[in-house]
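Presented below is the structure to which this report refers.
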Amino acid sequence: MDKQTPRSRIVLAGNPNAGKTTLFNSLTGMRMQTGNFAGTTVSKKSGTCLLQERSVELIDLPGMYSLDAASEEERVAGEVLMGTNSAFPRPDVVLAVMDATNLERNLYLFSHITECDLPMVVALTMVDRAHEEGLDVDASALEKALGCRVIPVNVEKKLGVDDLKAALSDVYTWGVAEFPRPHKPSEDVRCGVGCSGCPFHGRFTWSEQIVSQVIKTRHAAPGRLTDSLDEILTHSVLGLMAFLVVMFFVFYAIFSLATIPMDLIEVGFETLGDLVARWLPEGDLQSLIRHGVIGGVGGVVVFLPQICLLFLLLALLDDSGYLARAAFVMDRVMRKVGLPGTAFVPMISGHACAIPAIMATRVISSPRDRLVTILVLPLTSCSARIPVYVLMVTLLFPHNPAYAASALVGAYALGILSALAAAWGLKKTILPGESEALLLEMPAYKLPNLKNALLHTWEKALIFLKQAGTVILLISIGLWVLSTYPKTEVSPEVASEIAEKIQLEHSMAGRIGKAMEPVIRPLGFDWQIGIGILSSFAAREAIISGLSVVYGIGESGAEDSELLVENLRQATRTDGSPVFTVATCLSLLVFYVLAMQCLPTQAVTKAETGSWKWAGFQLLYMSVLAYVASLVVYQGLQLFGVS
């Protein structure tokens, strides 16, 4: 295609849960790209669709109910349809996706889109489900009433997709400018003047009239599965219990099934590092590539299986219709601390990684609610904290699995309670106001579409690697520089583990650690732990390798957990007292639960809020919270003689 020729564009518009994404994936396959609409954080999904010999760009607009914007997503979608978004060309055609089981509500949106004066083709989805519910939709009558082509489609059975492509192709064959527009509701309907005085009355009356003409009701659906399940899953008590059971199995799957791929990724990066050590002579370049680049990227990618599993399971739960019920149940709990029910999905995601969780807050319509959720999300315990938790718990309770398990549960509980308390505090202080009422559609239960879930997971994985991997790579290289320079001359006779310790002690990182010691000493930490904390800004689990170096067993010693634990247990201060006492271990555990030590997360916070101000505030309040909590724990235990 000539580069000067404007590219043909078709936009998909429809209500949430109307089958829009399933249809988009069918029309584009894997030929799609994800990003944001310019100047916003609203996700944009576009792909290439072949219509006979013409290649067109297909854009999947966010789900909406009208052009009267009630959220950022609806505002952007409306601007695209109206042609008022300067960063996005006006589309040629609108592919309106309508759910046959909720035709009246879908027609309400259609009445708005007709005012955009664009050619339209309607894809009528879920016709089979409507038939099961006793509803027969006359597509020909609907086509006549709307004044545009109406094509029933069933993507799963591959019915109607070719007819839909032919109908879209006809628009270009006829000519976009000359192609007939759909019928518009009469002026009195669009102005909303009616006896009820409701501004929406006219449009809904028009929708009801159309529905009465095109739908025949055979019988009421007997004992719908949806109603039966909702009696349990939306119950104030049973629904909450069901939610906890579902989340237990989700996390059990994440932490059990992801183990093998995580181990394989870890071995792969270690092998790659060993190959670099063989190919390149020993020196700074080898160390930079092996530890700074490969080690830094590996520290992120190793958690990708857990993140992918989380998004896959959440996508399947969402497509099945369950997540809407879970949001309804959790709204009762979340609103008490100033968060909407829709915030629970990002908070669940935060237990895998805060980066995709922060991106998932886009489902929250209120800007204030979304900002509060972003600011508190890193308090939930992500996967990167687990190695630190395990190390501290092992030091505390080496021979008591029950106490060790209780400590781990306590760490997770502290993170969740702290996030909820912080949200309540923010809503009472700098971000005052009540959470918006939860307006939520309850879709019918159905078997989830695995292909859609896999595509969604693939998309999120690419975004995660792009946003986290690039940032953490730069941070890792920066921390490598701090721990490598200035160089310190060490006798060749000194063991390599001791040489690493001496080098790190005299490096810029070591000097910063020693400068930090007066500040962190009240928490029970020395300068060596300070270096570990500093290294954690690349990735929280980096403290393991940092402590391995500063306590004289070398970076490779981090792989031998028993050796590391034994060395830490025997580590002493200058006065001969042990470093890792009960008070110090608990203090460090609490610090890592609450501290904001992930700079890639900070970068994503900046990207999603559009300002370094909120990223800086997030770093500041979490650091103060972690410091004060650790101070109380350490000094309190010291006061009661616990050592």
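The values are calculated or read from the model by the stated rules, or taken from the named source; none is laboratory data. For clarity, every value in this text was computed on a predicted model and none was experimentally measured. Cβ sites come from the backbone with ideal geometry, for glycine too, and all protein chains shown count toward neighbours. With ligands, DNA and RNA removed, areas are computed over all heavy atoms of the protein, side chains included. Shrake-Rupley method; radii C 1.70, N 1.55, O 1.52, S 1.80 Å.
The table that follows gives values for the structure above.
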quantity	calculated
Integer Hz, Karplus 6.51/-1.76/1.60 couplings in order for the stretch 336-347, x for Gly and Pro	5, 10, x, 10, x, x, 5, 6, 5, 5, x, 5
DSSP-defined beta bridges in the chain - what % are antiparallel, rounded to 5	45 percent
Fraction of accessible area attributable to carbon and sulfur, the chain (%, probe 1.4 Å)	62 percent
Per-pair calculated FRET efficiency, R0 = 60 Å: Ile512 and Leu240 via Cβ, rounded to 0.05	0.80
Residues Gln570 and Val267, FRET efficiency given R0 of 30 Å [Cβ-Cβ distance, rounded to 0.05]	0.50
Over 21 Å (Cα to Cα) - which of Lys427/Lys613; Lys45/Lys157; Lys20/Lys446 fall in this group	Lys45/Lys157
Inter-label distance for Ile502 and Lys157, nm, one decimal - labels placed 7 Å from Cα along Cα-to-Cβ	7.8 nm
Rough spin-label spacing in nm, given labels placed 7 Å along Cα→Cβ, for Val490 and Asp117	7.5 nm
Stretch gain in nm, segment Lys606-Arg129, where the contour uses 0.36 nm per residue and the Cα spacing is subtracted	167.4 nm
Reciprocal of mean inverse Cα separation for the chain (Kirkwood radius, Å)	27.6 Å
Peptides ranked, highest mean first, by Cβ atoms within 10 Å: ranges 375-388, 277-290	375-388, 277-290
Spin-label model distance (nm) - Glu104 vs Gln286, 7 Å beyond Cα toward Cβ	7.6 nm
Neighbour net charge for Leu107 - beta-carbon separation under 10 angstrom, K R +1, D E -1	0
Distribution of pairwise C-alpha distances over the stretch 9-217, 10 Å bins, in %	8, 36, 38, 16, 2, 0
Peptide ranges 389-400, 240-251 listed from the most packed, as the mean C-beta count within 10 angstrom indicates	389-400, 240-251
Segment Ser55-Gln638, extension gain: residue separation times 0.36 nm, minus the distance between their alpha carbons	202.7 nm
For peptides 358-371, 567-580, sequence by mean Cβ density within 10 Å, most packed first	358-371, 567-580
Cross-link reach list, lysines versus Lys514, counting only Cα pairs under 18 Å and skipping chain neighbours closer than eight places	Lys487, Lys501
Residues of the stretch 629-643 with amide N under 15 Å of the 7 Å Cα→Cβ point at Asn400	642-643
Accessible surface, the chain, averaged per residue in Å² (probe 1.4 Å)	46 Å²
Percent antiparallel among DSSP beta bridges (both partners in the stretch 62-186, rounded to 5)	10 percent
